[in-house]
Amino acid sequence: MSIGKKLTETKKLPRHSLTREDYLEIFKQLFLARYFDIRLIKEKKRGRLRGTLYSSHNQEAVLVGTLYALNPEDWISPIHRDMPAFFLKDLKSGWNNPERKGISIEQIICQVFGKVDAPGRARDNWSHIGSREKKIIHSTSMLAGTIPVAAGVALSEKMRGSDTVVVTYNGEGSTARGDFHEAINYAAVKKLPMITVIENNMWAYGTHVSEVCNTPDVADRAKGFDIPGIVADGQDVFDVYDKMSQLVEYARQGNGPSILECKTYRAYGHGDHDDNRADKYRPSEDVNSGRSRDPLAVCREYLVNENILGKDDANLYMADNKSASQASDEDFPEEVINYLKQGVDFAINSGLPEAEEGGMWVFKE
Amino acid sequence: MSVEQAVKTNYLNALKQAIDEEMAADSEMICIGEDIANLGGAFGVTEGLVDKYGKWRVQDMPIAEECIVGTAVGAALTGRRVMAEMQFIDFISCGFDQIVNNLATFHYRTAGEVPMPVVLRGPAGGYGGGALYHSQMNEGWFCHSPGLKVVCPSTSYDAKGLLKAALRDPNPVIFYEIKELYRRKDLEEELPTTDYIVPLGKATVRRSGEHITLVSYGQNMYHCYQVADMLAKDGYSAEVIDIRTLVPLDEQTIMDSIKKTSRVVVVNEAPRTCGFAGEVLARVCENAFEYLDAPPARCTRLDTPVPWVKPLESFVLPSVEKIYNTCIRTLKY
Ligand SMILES: Cc1ncc(C[n+]2csc(CCOP(=O)(O)OP(=O)(O)O)c2C)c(N)n1
Ligand SMILES: [Mg+2]
């Protein structure tokens, strides 16, 4: 593990300032992210989901842990693996609070179904959405392409004197692109409040990280910019939360950008089209060890050990270690199931955009 | 009472004035680019601006064009207007993805939620011996990317007026400055002392004539004027149109002229295949076919890069002689 030289070790961990409600909320958010994925697989079978599903199964702790460390006014830029991030952002301000700085579950389900009430009115697919008002940067398909944009947002916010932080999410594979290096170099020089979260799930489509990154950790890329590069256990939501919180604080105080690498593992194929092939190009020992520590189980164990989950509750909702096909609704909290249902019910009734919209908004008049 | 000496402004200073005035009018606007602050730009277009607006609003950027364009996109996402300089327009290719996939499409894919008031400007064009990578006119790439406006002024008045209009436009604009015109003495002119713009999307008739229409922009305008003079000696009067804005194109001005002259030659220094001249000809065929007395013609660069030494460069670029010959062929058809 490499820790940037500018960060000081603290005895008290950020998690120790969380309340019991926070711990339980985090646990519930993990279930929500997991169930979202499972529900989408079902919806795809029903023919409602349009296009490819890029599963975040087994990587939920990265999203929940990093997002929980942010303020509502902070910006994020999720990519294809981060679909839950759009509604997890600022979720603690109330799941159905319209004022919260995240996108509603209704809009997100509209997005994956390709319905007109999606942000962007279904003009681009999957994760290529955002919201200026909710402080979510709209990405393109071009991996790492949002990092320079995040730098621009961070520059603008810094010039306005705000203490807002900008977080970009990227797979480990995308860290080879020039955009990644160009933008982090720039952010480092200008001390921009930008955190680049690397979701190192070991695979970029069919290529293992060892084939494309020459440093022991991907976070070591930070050394070339003389900024903190930290590795977190991406299966442990609280380790992610602790390290992210430190980097957020570091950025808020004007110290500049950093990299947080979260080690995790892609549960399934690159996309659902790749599920069958992924079993062939990934050795089974690799898959088994990569999936051996379900973030739900890791979190549960911690909460039980800390007496946050009592004996009676410890064995409730046992979605842990179950694949999408093994898990059933009984394995999830009702709130989580109802929340998804609320989104799906809305999206089913949302229409398609008028055909003529295809020709609109090329320019602003 | 003292008589004020009329102040004449060259093309380069006209551009500088445009940026300066827009920066003064909008304290949120920023300028970014390589060497634009400390040095004042490779050609001096931004000279002095950092002293007035400080090094955050006028910012030297790393040599990283994807980052420059992406930063502009991010700043625009937060509501700022941005001027980003490409040190030479040739290097714009290094920022290509951010331009065509991100900047150009932002307003479209957000269904109008987020406009992108960004101007990417830089020195362009051949005839100066700049060789392959300091001579390009690559406007065709961007005319072919929906969501971008594309502008190229040929006079000092237009340089200032079009740049001000571009900076005020809510859409991204790729702004081609002709570096060979930056300091040309004969382009110095007295500019209005009050605020003005030249609206985007309006071509202008620089010379009226009856027998043939010459359509061009940028540096080739000056070749066209010479050709018009030569044709006059032959007894032909040529109408010369300066397109000024390629996207959106002012078709009306071009078609009106062709309805009068029935013959057209389009001139531009970009390569021929899929170049903007071809686009103008296609539109002429679609909209004014029955008015034509000769095949619409173009005079462009050969389908080659721009080579370095003079004989090679002259061989591939349009010249007065080549344009004249194309006109004569069209007139005698
Ligand atoms: C610039 C670019 N090149 C190629 C692709 C095609 N592509 C989409 S996802 C992907 C793999 C990405 O791997 P990684 O960055 O590790 O993210 P992960 O999918 O593992 O979350 C590739 C090659 C792309 N979207 N963008
Ligand atoms: Mg990966």
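Restricting to segment B:203-214, name every residue that is among the hydroxyl-bearing types (S, T, Y), open to solvent by 10 Å² or more (accessible area, probe 1.4 Å) and part of a strand (DSSP E or B). If the condition is that a residue be among the hydroxyl-bearing types (S, T, Y), open to solvent by 10 Å² or more (accessible area, probe 1.4 Å) and part of a strand (DSSP E or B), then B:T204 is the only one that fits. For segment A:208-265, the set of residues classified as outside any helix (DSSP H, G or I) and in contact with a Pro (Cβ under 6 Å, 6 or more places away or on another chain) consists of A:I227, A:Q235, A:S258, listed by residue number.
In segment A:163-188, the residues that are closer than 18 Å to B:A72 by Cα form no Cβ pair under 7 Å with any partner that is near ligand 1 (Cβ under 10 Å from one of its atoms) and at pLDDT below 95, whether six or more places apart or across chains.
Scoring A:A314 on the criteria (1) closer than 20 Å to A:L18 by Cβ; (2) open to solvent by 60 Å² or more (accessible area, probe 1.4 Å); (3) at pLDDT below 95 leaves a single failure, condition (2).
On the given criteria, is B:L200 within 14 Å of chain A (Cβ to nearest Cβ), surrounded by fewer than 24 Cβ atoms within 10 Å (Cβ to Cβ) and touching a strand residue (DSSP E or B) at 6+ places or on another chain (Cβ under 6 Å)? Break it down into steps so the answer makes sense when it comes.
Values: within 14 Å of chain A (Cβ to nearest Cβ): yes; surrounded by fewer than 24 Cβ atoms within 10 Å (Cβ to Cβ): yes; touching a strand residue (DSSP E or B) at 6+ places or on another chain (Cβ under 6 Å): yes.
Here the answer is yes, as B:L200 does meet what is asked.
Note on segment A:163-182: residues that are farther than 23 Å from A:F86 by Cβ and more than 10 Å from chain B (Cβ to nearest Cβ) total 2. Within segment A:198-235, the set of residues being open to solvent by less than 50 Å² (accessible area, probe 1.4 Å), more than 12 Å from ligand 1 (Cβ to nearest atom) and of a type in the set (D, E, K, R) comprises A:D217, A:D220, A:R221, A:D233. Figure legend. Inter-residue proximity from segment A:304-317: first residues among the β-branched types (V, I, T), second residues in a loop (DSSP other than H, G, I, E, B) and open to solvent by less than 50 Å² (accessible area, probe 1.4 Å), beta-carbon distance below 6 Å, spacing 6+ or different chains. Indicated pairs: A:V304/A:A314.
Evaluating B:G235 against the criteria (1) open to solvent by 30 Å² or more (accessible area, probe 1.4 Å); (2) in contact with a His (Cβ under 7 Å, 6 or more places away or on another chain) leaves one unmet condition, (2). The residue that is farthest from A:T66 (Cα to Cα), among those in segment A:92-105 that are buried (at least 23 other Cβ atoms within 10 Å of the Cβ) and among the hydrophobic types (A, V, I, L, M, F, W, C), is A:I105.
Yes or no: B:G126 assigned to a loop (DSSP other than H, G, I, E, B) and either in the same structural domain as B:T261 (by TED's automatic domain parsing) or over 24 Å from B:T46 (Cα atoms) (or both)? It is false that B:G126 is assigned to a loop (DSSP other than H, G, I, E, B) and either in the same structural domain as B:T261 (by TED's automatic domain parsing) or over 24 Å from B:T46 (Cα atoms) (or both). When A:T164, A:T196, A:T215 are checked against the criterion of being within 16 Å of ligand 2 (Cβ to nearest atom), among the polar types (S, T, N, Q) and within 30 Å of A:H16 (Cβ to Cβ), a single residue qualifies: A:T196. For A:S139, the test of being within 16 Å of ligand 1 (Cβ to nearest atom), buried (at least 24 other Cβ atoms within 10 Å of the Cβ), closer than 22 Å to B:P117 by Cα and facing chain B (nearest Cβ under 10 Å) is passed. With respect to the stated conditions, B:K179 is more than 14 Å from every other protein chain (Cβ to nearest Cβ), open to solvent by 10 Å² or more (accessible area, probe 1.4 Å) and within 13 Å of the chain's Cα centre (by Cα).
Taking the stated definitions as given, is A:A251 crowded, with 17+ Cβ neighbours inside 10 Å, within 15 Å of ligand 1 (Cβ to nearest atom) and within 23 Å of the chain's Cα centre (by Cα)? Criteria not met by A:A251. Once segment A:166-197 is narrowed to residues that are open to solvent by 20 Å² or more (accessible area, probe 1.4 Å) and touching a Cys at 6+ places or on another chain (Cβ under 8 Å), the residue that is farthest from ligand 1 (Cβ to nearest atom) is A:N185. Consider segment B:101-134 and keep the residues that are open to solvent by 10 Å² or more (accessible area, probe 1.4 Å) and among the charged types (D, E, K, R). The one that is farthest from B:Y217 (Cα to Cα) is B:E113. Inside segment B:50-82, residues that are under 13 Å from B:S27 (Cα atoms) and either among the aliphatic types (A, V, I, L, M) or in contact (Cβ under 8 Å) with a residue 12 or more places away in the chain (or both) make up a count of 9.
Residues in segment B:5-33 that are in a loop (DSSP other than H, G, I, E, B) and open to solvent by less than 10 Å² (accessible area, probe 1.4 Å): B:M29 only. Only helices (runs of 4 or more DSSP H) whose full extent lies in segment A:44-146 are considered here, and the ones with at least 2 residues that are more than 16 Å from the chain's Cα centre (by Cα) and either farther than 23 Å from A:E172 by Cβ or of a type in the set (D, E, K, R) (or both) are A:105-113. The selection criterion, being surrounded by 20 or more Cβ atoms within 10 Å (Cβ to Cβ), polar (S, T, N, Q) and within 14 Å of chain A (Cβ to nearest Cβ), holds for B:Q98. Going through segment B:141-174 one residue at a time, which ones are farther than 18 Å from B:A203 by Cβ and open to solvent by 10 Å² or more (accessible area, probe 1.4 Å)? Hits for segment B:141-174 are B:W141, B:H144, B:S145, B:P146, B:R168, B:P170.
The set of residues in segment A:106-135 that are open to solvent by 40 Å² or more (accessible area, probe 1.4 Å) and facing another protein chain (nearest Cβ under 9 Å) comprises A:R121, A:R123, A:D124, A:R132, A:E133. Out of curiosity, is B:D90 open to solvent by less than 30 Å² (accessible area, probe 1.4 Å), assigned to a helix (DSSP H, G or I) and more than 13 Å from every other protein chain (Cβ to nearest Cβ)? In short, yes.
For segment A:153-163, does any single residue satisfy the condition of being within 16 Å of ligand 1 (Cβ to nearest atom), of a type in the set (S, T, Y) and in a helix (DSSP H, G or I)? The answer is no, given that none of the residues of segment A:153-163 is within 16 Å of ligand 1 (Cβ to nearest atom), of a type in the set (S, T, Y) and in a helix (DSSP H, G or I). Taking the listed residues A:P295, A:P257, A:P333, the one that is within 16 Å of ligand 1 (Cβ to nearest atom) and open to solvent by less than 60 Å² (accessible area, probe 1.4 Å) is A:P295, with no other qualifying.
Say we look at segment A:260-281 and pick out the residues that are charged (D, E, K, R) and within 12 Å of ligand 2 (Cβ to nearest atom); which of these is most open to solvent (accessible area, probe 1.4 Å)?
Looking only at segment A:260-281, we keep the residues that are charged (D, E, K, R), and these are A:261, A:263, A:266, A:272, A:274-275, A:277, A:279-280.
If we keep only those that are within 12 Å of ligand 2 (Cβ to nearest atom) as well, we get A:261, A:263, A:266.
Numbers: A:E261: 0, A:K263: 54, A:R266: 2 Å².
Ranking the candidates gives A:K263 first.
Does segment B:179-188 contain any residue that is closer than 26 Å to B:T78 by Cα, in the same structural domain as B:M86 (by TED's automatic domain parsing) and not in a helix (DSSP H, G or I)? Working first, answer last.
As a first pass, look at segment B:179-188 and keep what is closer than 26 Å to B:T78 by Cα: none.
No.
Is there a residue being away from ligand 1 (no atom under 16 Å from the Cβ), buried (at least 24 other Cβ atoms within 10 Å of the Cβ) and within 14 Å of chain B (Cβ to nearest Cβ) anywhere in segment A:75-82?
Going through segment A:75-82, the residues away from ligand 1 (no atom under 16 Å from the Cβ) turn out to be A:75.
Right, trim to buried (at least 24 other Cβ atoms within 10 Å of the Cβ) and you get A:75.
Subsequent filtering for residues that are within 14 Å of chain B (Cβ to nearest Cβ) retains A:75.
Yes, the conditions are met somewhere in segment A:75-82.
The values are calculated or read from the model by the stated rules, or taken from the named source; none is laboratory data. These numbers come from a predicted model, not from an experiment. Cβ coordinates were reconstructed from backbone atoms using ideal geometry, including for glycine residues, and neighbour counts include every protein chain displayed. Note: areas computed on protein heavy atoms with side chains; ligands, DNA, RNA excluded. Shrake-Rupley method; radii C 1.70, N 1.55, O 1.52, S 1.80 Å.
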